[in-house]
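**Student:** The structure follows.
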Amino acid sequence: MRITGGLVMAAAVAGLLTGTPAVAADDVVTAYNPGGMAKVMRDAGYTADLDVDDYGDPVIKTSFGNYGGTIYFYGCDETNHDRCDSVQFRAGLDRKTAMPLSLLNQVIKKYRYSAVWLDDEGDPWVNFDVFTNAGISKDVFLTALKAYTENLENVADQVFAEERGE
């Protein structure tokens, strides 16, 4: 087996020292490489359209289950807008009426992989942050993405059931 790249070598050395298996470069997802992250998502069946935000940082427009959302990149170089160290999964739920704070508190207590906040119209937004730095395994990234998607769908069920009077 031929090992190339400093990241793979560092992972292999770390694995030898800690007893943790090394992760091959093809199996690493990192906010350093937004295009690679988008490819991993597409390969797993997600939509993933790479774009830039108003600050020039990368974003991935996607869907989390039945809900459109965005993956924002953070910790990016302020000049070049690269070498980002983390991402945030984010989706908003458009209610007909403002979400009551009592329901917001219930949702926050119940769903572990969700940070929920209300916008100026009282619509809930659901976030989840993932710190990748130089890389995490593809399996860990996809597990986080799946957990967020499931939580978003569960939050939406609860948020909209309340609005429907269920």
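**Student:** Output ³J(HN,Hα) for segment 112-121: one whole-Hz value per residue in order, computed from phi by the Karplus curve 6.51 cos²θ - 1.76 cosθ + 1.60 with θ = phi - 60°, and x for Gly and Pro.
**Tutor:** 4, 8, 9, 9, 10, 9, 9, 7, 4, 8
**Student:** For ILE108 and ASP49 in the same chain, what is the full-extension length gain: residue separation times 0.36 nm, less their Cα-Cα distance, in nm?
**Tutor:** On the way: separation 59, 0.36 × 59 = 21.24 nm, distance 2.92 nm.
Additional length available on full extension: 18.3 nm.
**Student:** Now for a different question. Can you tell me the relative contact order of segment 25-166? Whole percent, Cα pairs under 8 Å, sequence separation 6 or more.
**Tutor:** Working: 253 pairs, mean separation 34.8, N = 142.
Answer for segment 25-166 is 25 percent.
**Student:** In whole percent, how big is the carbon plus sulfur part of the accessible area of segment 48-166, probe 1.4 Å, protein atoms only? If you can, show how the numbers build up before the last one.
**Tutor:** On the way: 3050 of 6600 Å².
Accessible surface attributable to carbon and sulfur in segment 48-166 totals 46 percent.
**Student:** Now a separate question. Which trypsin sites (Lys or Arg not before Pro) in segment 34-99 sit in a loop by DSSP (not H, G, I, E or B) and have at most 12 other Cβ atoms within 10 Å of their own Cβ?
**Tutor:** Working: sites: LYS39, ARG42, LYS61, ARG83, ARG90, ARG95, LYS96; in loops: ARG83, ARG95, LYS96.
Counting only loop positions with at most 12 other Cβ atoms within 10 Å, the trypsin sites (Lys or Arg not before Pro) in segment 34-99 are LYS96.
**Student:** Within segment 28-66, name every residue whose backbone N is under 16 Å away from a label modeled 7 Å from Cα of GLU78 along the Cβ vector.
**Tutor:** In segment 28-66, the label zone of GLU78 (backbone N under 16 Å from the point 7 Å along Cα→Cβ) covers 55-57.
The values are calculated or read from the model by the stated rules, or taken from the named source; none is laboratory data. What you see is a predicted model, and the numbers here were worked out from it, not measured in a lab. All Cβ positions, even for glycine, are placed from backbone atoms using ideal geometry, and neighbour counts span all protein chains on display. Surface accessibility is based on the protein's heavy atoms, side chains included, excluding ligands, DNA and RNA. Shrake-Rupley method; radii C 1.70, N 1.55, O 1.52, S 1.80 Å.
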